[in-house]
Amino acid sequence: MSFDERAKTWDNDPIKTERSRDLASEIKALLPQEAANRGFEFGCGTGLLSFELKDTFKHITLADTSAGMIDVLNEKIQALQVENFKPLLADIFTDKLPGNYDAVFTLMTLHHIYEPEKALAKFHELLRPGGYLFIADLITEDGSFHAHDPEFDGHNGFDPHDLGKKMQMSGFEIVANKIFFELGKEHNGILRKYPLFLLAGKKV
């Protein structure tokens, strides 16, 4: 099932809200006040993470390649009368986007990107000097997390240490590397645990 098809029921899973809330708390704790002006969420989906951060940033741009997700996001923005969000149906690799953001954040999106190094370079380009990058994603797993999706062609998570090295090579100083959440998901009748990491970097 595509993300467009899943958009309408995406918010029905309380675990998605919980992990967004936990990640937002981590971001708030790490983000200096002077870096809370312009935020950019990559792979925003229905905006669950940004809604947890809407009172932290003066303005947030939310980008996704799924029209269905952006449609649901727009409905939520209108219903809740949120005035500091700018949704974008955009591909950061092909569409020209304005830069100079104070922070870029992304949750469970990078493992869907075929070449994550290109994403790191794009994040560096989008950020102002001294801006912050927050990446939250799966710790390397055995492939069971996406076993239900025969069309999945991304990564089975990441080793945060290795990804941190790639961030450093892309021009970031690592400021945090931690496990912040654990997902429970059934596979072959067995409840499996999948830890999520947070890597935070500062553009140098």
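What to note about this one:
- Count of region 27-56 residues, restricted to those that are surrounded by 19 or more Cβ atoms within 10 Å (Cβ to Cβ), touching a strand residue (DSSP E or B) at 6+ places or on another chain (Cβ under 6 Å) and part of a helix (DSSP H, G or I), is 4.
- A single entry from LEU88, LEU73 fulfils the requirement of being crowded, with 22+ Cβ neighbours inside 10 Å and closer than 23 Å to TYR101 by Cβ: LEU73.
- Residue among PHE134, PHE105, PHE123, PHE197 that alone is aromatic (Phe, Trp, Tyr), at pLDDT 95 or above, surrounded by 15 or more Cβ atoms within 10 Å (Cβ to Cβ) and part of a helix (DSSP H, G or I): PHE123
- Filtering region 5-36 to residues that are within 15 Å of PHE105 (Cβ to Cβ), at pLDDT 95 or above and of a type outside the set (Lys, Arg) leaves SER20, ASP22, LEU23, ALA24, SER25, GLU26, ILE27, ALA29, LEU30, LEU31.
- Selection from region 82-108 of residues that are touching a helix residue (DSSP H, G or I) at 6+ places or on another chain (Cβ under 7 Å) and among the acidic types (Asp, Glu): ASP102
- Complete set of residues in region 40-79 that are of a type in the set (D, E, K, R) and over 18 Å from ILE92 (Cα atoms): GLU52, LYS54, ASP55, LYS58, ASP71, GLU75, LYS76
- All positions within region 108-120 that are of a type outside the set (Ser, Thr, Tyr) and either crowded, with 19+ Cβ neighbours inside 10 Å or under 23 Å from ALA24 (Cβ atoms) (or both): MET108, LEU110, HIS111, HIS112, ILE113, PRO116, ALA119, LEU120
- Residue within region 158-167 that is among the small types (Gly, Ala, Ser) and touching a strand residue (DSSP E or B) at 6+ places or on another chain (Cβ under 7 Å) present: yes
The values are calculated or read from the model by the stated rules, or taken from the named source; none is laboratory data. In this text the structure is predicted, and so the values were computed from the model without any measurement. Neighbour counts run over all protein chains shown; Cβ positions are idealised from the backbone, glycine included.
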